[in-house]
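A.B. asks: Take this structure first; my questions come after.
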Amino acid sequence: MLMLIKGGRVIDPGNLDGIMDILIADGKIVEIKKDGLVDGEYPEAKIIDASDKIVTPGLIDMHVHLRDPGHEYKETIETGCLAAAFGGFTAICCMPNTNPVNDCRQVTEYILQKAQSTGNVRVYPVAAISKGLKGDGLCEYGELKEAGAVAVSDDGNPVTNGQLMRRALEYSKGFDLPVISHCEDLELAAGGAMNEGVVATRMGLAGIPNAAESIMVMRDIALCELTGVPIHIAHVSTDESVRAIRDAKKREVPVTAETAPHYFTLTDEAVKEYNTNTKMNPPLRSSHDREAVCQGIADGTIDVIATDHAPHSFIEKQVEFDRAANGIIGLETSVALSLKLVEDGVIPMTVLVEKMSTNPARILGLKNGLHIGGPADITIIDPERSYRVTADNFRSLSRNTPFDGWDMKGKAVLTMVGGKIVYQEEPSAVGG
């Protein structure tokens, strides 16, 4: 089947930026033309009108919790993929803190097989650094790589043993498996329910200091510098972490980093109503930290915007704040929240595409981009589309979002994977 995406602003950072048409056949891009492709040349093609919209390489979320296997009442691979497509993501990387943990070939293969049979976007498993996420012995990285893992991480748990993290970096290098670090000093964070500061004191909640994150960021940067092996820092939330990563990059240490939309959108003030949907790890920080994260995004210190999509059922969230599970869902609100950075002049649209598509692909070694002969993994975004978030309409199984009821601007209106439309807000294809 031929499809013709017409009249959109096509952005592929470092490659394309302008009003163009894209012709797709047999799941691949066969022509990209700046001056436009004449409809009459391809009378059999389905026309997708992308006027006043932005056409990008498929968005990639490199930090997602699918909960499958083991916690399918929170999310399944199928529902997580549906949420991803609805949010504009053509590919997602799923973290290993499932039950059983993704620390062996069998679990990696299960995830890929289930994604192939029930999913509608590309799923890339991230395997565990240590067996059972226990931090006392490395997994078999060669076996995991062969099974289909694209990176390793103990996300959800920090690797507290510095020697083990050093060995993980050295071992992973031989298999070209990026290491994604969850940076948290468990002793400093112990008993904390939210960011340490004035708000926590007023609310009578135990706080988690910035140092609980930044100390471990600094340790992992030191190990990265020692070994010369790249490391990727997950969910950066503090000013101190941003400064440490910025300084490391100036020294040409091969460190990369990500943050999530809630860290540049919300602060610990959002916790005031004891809404457990504002409870996450790392916690929402101060306005100063939020500004530092925005600056880190603007100057390139932070390479990636990822959701840290963490589904939980009402069982885990409808309890006292300090007993509630950490995490929020993010696949279906990420584009709108991230577009606010463009609207506010923090970054241009081309840089946003880098952080949500190009950079995740580069860090993980995934194929990505709009080029002739390449797979038609494409996201179309309407930056002017206004809507109100309604969590009950989400494709995710869970509803734990602090953004329910928010008025937002900007939305993915079409998601295409391998030339197949897996989500389209308003069918506009004609012809054929």
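A.B. asks: Restrict the check to segment 227-234 and report whether at least one residue is surrounded by 17 or more Cβ atoms within 10 Å (Cβ to Cβ) and at positive phi.
C.D. replies: So far as segment 227-234 goes, no, none of its residues is surrounded by 17 or more Cβ atoms within 10 Å (Cβ to Cβ) and at positive phi.
A.B. asks: Identify the single condition in (1) modelled with pLDDT under 95; (2) touching a helix residue (DSSP H, G or I) at 6+ places or on another chain (Cβ under 6 Å); (3) among the β-branched types (Val, Ile, Thr) that Val430 does not satisfy, given that it satisfies every other one.
C.D. replies: (2)
A.B. asks: Of the residues that make up segment 68-81, is at least one over 25 Å from Gly132 (Cα atoms), at pLDDT 95 or above and small (Gly, Ala, Ser)?
C.D. replies: no
A.B. asks: Could you run through segment 121-134 and say how many residues are outside any strand (DSSP E or B) and crowded, with 19+ Cβ neighbours inside 10 Å?
C.D. replies: Residues in segment 121-134 being outside any strand (DSSP E or B) and crowded, with 19+ Cβ neighbours inside 10 Å: 4 in total.
A.B. asks: From the list Gly162, Gly119, which one is assigned by TED's automatic domain parsing to the domain that holds Ile328 and either over 18 Å from the mean Cα position of the chain (by Cα) or closer than 17 Å to Cys224 by Cβ (or both)?
C.D. replies: Gly162
A.B. asks: Report whether or not Leu186 is within 25 Å of Ala324 (Cβ to Cβ), aliphatic (A, V, I, L, M) and surrounded by fewer than 23 Cβ atoms within 10 Å (Cβ to Cβ).
C.D. replies: So Leu186 fits the description; yes.
A.B. asks: Tell me which residues, restricted to segment 256-270, are surrounded by fewer than 24 Cβ atoms within 10 Å (Cβ to Cβ) and either more than 21 Å from Gly87 (Cβ to Cβ) or among the small types (Gly, Ala, Ser) (or both).
C.D. replies: Thr256, Thr267, Glu269, Ala270
A.B. asks: So, one more: State the number of residues belonging to segment 41-67 that are surrounded by fewer than 24 Cβ atoms within 10 Å (Cβ to Cβ) and either of a type in the set (Phe, Trp, Tyr) or touching a Cys at 6+ places or on another chain (Cβ under 8 Å) (or both). Break it down stepwise before answering.
C.D. replies: Taking segment 41-67 first, the residues surrounded by fewer than 24 Cβ atoms within 10 Å (Cβ to Cβ) are 41-47, 49, 51-54.
Subset that is either of a type in the set (Phe, Trp, Tyr) or touching a Cys at 6+ places or on another chain (Cβ under 8 Å) (or both): 42.
Residues meeting the conditions: 1.
A.B. asks: While we're on this one: Kindly indicate the residue of segment 294-327 that is under 22 Å from Ala84 (Cα atoms) and acidic (Asp, Glu) and also surrounded by the fewest Cβ atoms within 10 Å (Cβ to Cβ) among those meeting that condition.
C.D. replies: Going through the qualifying residues, I end up with Asp303.
A.B. asks: Please state which one of Thr76, Thr90 is out of contact with any Cys (no Cβ under 6 Å at 6 or more places or on another chain), in the same structural domain as Asn281 (by TED's automatic domain parsing) and surrounded by fewer than 24 Cβ atoms within 10 Å (Cβ to Cβ).
C.D. replies: Within the list Thr76, Thr90, the selection yields Thr76.
A.B. asks: Next up: Mind listing just one residue for me: the one in segment 241-300 that is among the acidic types (Asp, Glu) and more than 17 Å from the chain's Cα centre (by Cα) and, of those, modelled with the lowest pLDDT?
C.D. replies: This residue is Glu273.
A.B. asks: Which condition breaks for Ser51 when tested against (1) in the same structural domain as Asn15 (by TED's automatic domain parsing); (2) closer than 19 Å to Thr259 by Cα; (3) of a type outside the set (A, V, I, L, M)?
C.D. replies: Ser51 satisfies all of (1) in the same structural domain as Asn15 (by TED's automatic domain parsing); (2) closer than 19 Å to Thr259 by Cα; (3) of a type outside the set (A, V, I, L, M) except (2).
A.B. asks: Among the helices (runs of 4 or more DSSP H) contained in segment 282-367, which hold 1 or more residues that are more than 18 Å from Pro178 (Cβ to Cβ) and in contact (Cβ under 8 Å) with a residue 60 or more places away in the chain?
C.D. replies: It comes to 287-299, 314-317, 334-343, 349-353.
A.B. asks: Identify the single condition in (1) assigned to a loop (DSSP other than H, G, I, E, B); (2) in the same structural domain as Val236 (by TED's automatic domain parsing); (3) over 22 Å from Ala270 (Cβ atoms) that Leu397 does not satisfy, given that it satisfies every other one.
C.D. replies: (2)
A.B. asks: Scan segment 63-92 residue by residue and report those that are within 24 Å of Glu425 (Cα to Cα) and assigned to a strand (DSSP E or B).
C.D. replies: Val64, Phe89, Thr90, Ala91, Ile92
A.B. asks: Using the structure shown, decide if Gly156 is closer than 26 Å to Cys94 by Cα and either outside any helix (DSSP H, G or I) or touching a Cys at 6+ places or on another chain (Cβ under 8 Å) (or both).
C.D. replies: yes
Listed here are the residues, each with its yes/no results for (1) touching a helix residue (DSSP H, G or I) at 6+ places or on another chain (Cβ under 8 Å); (2) buried (at least 18 other Cβ atoms within 10 Å of the Cβ); (3) polar (S, T, N, Q); (4) within 21 Å of Met20 (Cβ to Cβ).
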| residue | (1), (2), (3), (4) |
| --- | --- |
| Arg362 | no, no, no, no |
| Gly365 | no, no, no, no |
| Gly373 | no, no, no, yes |
| Asp377 | no, yes, no, yes |
| Ser396 | yes, yes, yes, no |
| Ala412 | yes, yes, no, yes |
| Gly419 | no, yes, no, yes |
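A.B. asks: Next question. Considering (1) under 23 Å from Gly80 (Cα atoms); (2) out of contact with any strand residue (DSSP E or B) (no Cβ under 9 Å at 6 or more places or on another chain), say which one Met95 fails and leave the rest.
C.D. replies: (2)
A.B. asks: Enumerate the helices (runs of 4 or more DSSP H) found wholly within segment 185-231, keeping only those where 3 or more residues are touching a residue at least 24 places away in the same chain (Cβ under 8 Å) and small (Gly, Ala, Ser).
C.D. replies: 211-227
The values are calculated or read from the model by the stated rules, or taken from the named source; none is laboratory data. These numbers come from a predicted model, not from an experiment. Please note: Cβ atoms are built from the backbone with ideal geometry, for glycine as well, and neighbour counts cover all protein chains shown.
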